[in-house]
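K.L.:
Take this structure, written in C-alpha cells, and hold onto it; I'll ask about it next.
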Amino acid sequence: MSQKLDFQELLFKAKCGDAQAQCELGKCYADGEIVEQDYKKSLYWFNEAVKNGSVMAIACLGVMYELGHGVEADVNKAIEYYQRAAYENEPTGTYNMGLCYFYGKGIVKENKRRAINYITEVAKAGFVKAMKFLITYYCERSDFEKSFYWLEQVALTGDDDCQLRVGRCYEKGTSFVEQDKEKAFEWYLKAAEQGNEQAMERVNVYYASKLYDFKMPK
C-alpha cells in the first residue's frame, strides 16, 4: 500500500474519532514527510486525540509548545503537558520531564537526581532515547560499568552502532567487562548483518586470523 493510501486511511480513522489515528495524524503534519508540514493541523489533531484519551498526544503537545511549532514557544506550558504525560507513565513525556529537571528549564529548577529517576524509569521500560542518555551520562561521570550496561541494552534493541561498540569492549576487555572474543565476534556479526561497515571489517579480521574457532551464533 502506498504512503498516500496509508495517509487517507489514517485520515478516515481520525475523522471517525480514533484517538491513536488522530495522534499519528498530528505527527504526520508535524513531521511533513508524507504530507505537507502544517503545525496548525498538527496541533488540531493532537488536541482532538487528547480529548479522546490519547496520553501520547499530551506529550506531543508538550513538544509543540517547547519548540514553538504552531504556537508561541512556552516552556512552562510544555512542562504542564510533560507532567500530565509523566503522571500517566507515557515514555516521551516522562523522558522530557526528566530533561527539564536535568537542565533546569522554565519553572523547573535543576535537580539531577530527580532527572535521572525520571529518565531511568523509562529506560527500564525500553525507551531507547533514555537508554542512550544514560550511556553518556554515566560515561561522563566515569561510571563505565553502568554506562556499558545501558550500551548493551541499546545494542539488544538492534542498534548497530551500539552493537559495534559492545563488540569492541568485549574484544579488548576493560576494567568493567572481561575480555571475551567469542562475544565480541557475535556482536560484530549482528552489526555487520545490518550493514555496519566497521563491524564487517572486524568480522573479516576474525575470519582472516582464525579467531572464530567457536560455534557460530544462532
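K.L.:
Can you spot a residue in the range 175-188 that is polar (S, T, N, Q) and over 23 Å from the mean Cα position of the chain (by Cα)?
P.N.:
Step one: list which residues in the range 175-188 are polar (S, T, N, Q), which gives 175, 179.
Next cut, over 23 Å from the mean Cα position of the chain (by Cα) only: 175, 179.
Looking through the range 175-188, at least one residue is polar (S, T, N, Q) and over 23 Å from the mean Cα position of the chain (by Cα).
K.L.:
Mind listing just one residue for me: the one in the range 1-57 that is without any contact (Cβ under 8 Å) to a residue 24 or more places away in the chain, in a helix (DSSP H, G or I) and among the acidic types (D, E) and, of those, farthest from A85 (Cα to Cα)?
P.N.:
Only one residue tops the list, namely E9.
K.L.:
Give the range 162-182 a look and list any residue that's over 24 Å from S209 (Cβ atoms) and not hydrophobic (A, V, I, L, M, F, W, C), or say none. Please lay out each step first, then the result.
P.N.:
So the first thing to find is which residues in the range 162-182 are over 24 Å from S209 (Cβ atoms), and the list is 162, 175-176.
S175 - this is the single residue of the range 162-182 that is over 24 Å from S209 (Cβ atoms) and not hydrophobic (A, V, I, L, M, F, W, C).
K.L.:
Just to be sure I understand, how many residues within the range 110-128 are surrounded by fewer than 15 Cβ atoms within 10 Å (Cβ to Cβ) and either closer than 13 Å to T94 by Cα or of a type in the set (F, W, Y) (or both)?
P.N.:
Number satisfying all stated conditions: 4.
K.L.:
Search the range 171-186 for residues that are more than 14 Å from A199 (Cβ to Cβ) and pair each with any residue that is surrounded by fewer than 18 Cβ atoms within 10 Å (Cβ to Cβ) and among the aliphatic types (A, V, I, L, M) when their beta-carbon atoms are under 7 Å apart and the residues are at least 6 apart or on different chains.
P.N.:
K181/L211
K.L.:
Within 23 Å of the chain's Cα centre (by Cα), surrounded by 16 or more Cβ atoms within 10 Å (Cβ to Cβ) and farther than 28 Å from M131 by Cα - does that describe any residue in the range 70-82?
P.N.:
No: zero hits.
K.L.:
How many of the residues making up the range 90-107 are over 18 Å from the mean Cα position of the chain (by Cα) and assigned to a loop (DSSP other than H, G, I, E, B)?
P.N.:
From the range 90-107, those over 18 Å from the mean Cα position of the chain (by Cα) are 101, 103-107; that's our starting set.
Within this subset, residues satisfying the condition of being assigned to a loop (DSSP other than H, G, I, E, B) are 104-107.
Within the range 90-107, residues that are over 18 Å from the mean Cα position of the chain (by Cα) and assigned to a loop (DSSP other than H, G, I, E, B) number 4.
K.L.:
Report, by residue number, each residue of the range 187-205 that is part of a helix (DSSP H, G or I) and crowded, with 18+ Cβ neighbours inside 10 Å.
P.N.:
Within the range 187-205, the subset part of a helix (DSSP H, G or I) is 187-192, 197-205.
If the condition is that a residue be part of a helix (DSSP H, G or I) and crowded, with 18+ Cβ neighbours inside 10 Å, then W187, Y188, L189, K190, A191, A192, A199, R202, V203 are the ones that fit.
K.L.:
Taking the range 60-100, which residues are closer than 18 Å to K40 by Cα and among the charged types (D, E, K, R)?
P.N.:
Selection gives E66, E72, D74, K77.
K.L.:
Cβ contacts < 9 Å: first residue farther than 17 Å from C28 by Cα, restricted to the range 60-87; second residue in a loop (DSSP other than H, G, I, E, B) and among the basic types (K, R), any location; separation 6+ or different chain. Result?
P.N.:
E66/K105; V75/K105; N76/K105; A78/K105; I79/K105
K.L.:
To continue, here is another question. Is it the case that the range 68-89 has a residue that's touching a helix residue (DSSP H, G or I) at 6+ places or on another chain (Cβ under 9 Å), under 20 Å from G17 (Cβ atoms), among the polar types (S, T, N, Q) and in a helix (DSSP H, G or I)?
P.N.:
no
K.L.:
Without any contact (Cβ under 8 Å) to a residue 24 or more places away in the chain, buried (at least 16 other Cβ atoms within 10 Å of the Cβ) and either closer than 22 Å to L189 by Cα or within 12 Å of the chain's Cα centre (by Cα) (or both), is that true of L134?
P.N.:
On the way: without any contact (Cβ under 8 Å) to a residue 24 or more places away in the chain: yes; buried (at least 16 other Cβ atoms within 10 Å of the Cβ): yes; either closer than 22 Å to L189 by Cα or within 12 Å of the chain's Cα centre (by Cα) (or both): yes.
Yes: the conditions hold for L134.
Read the figures in this text as sums done on the coordinates, not as results from a lab. Note that the coordinates shown come from a computational prediction; the quantities given were computed from them, not determined experimentally. Here the Cβ is made from the backbone with ideal geometry for all residues, glycine too, and neighbour counts use every protein chain on show.
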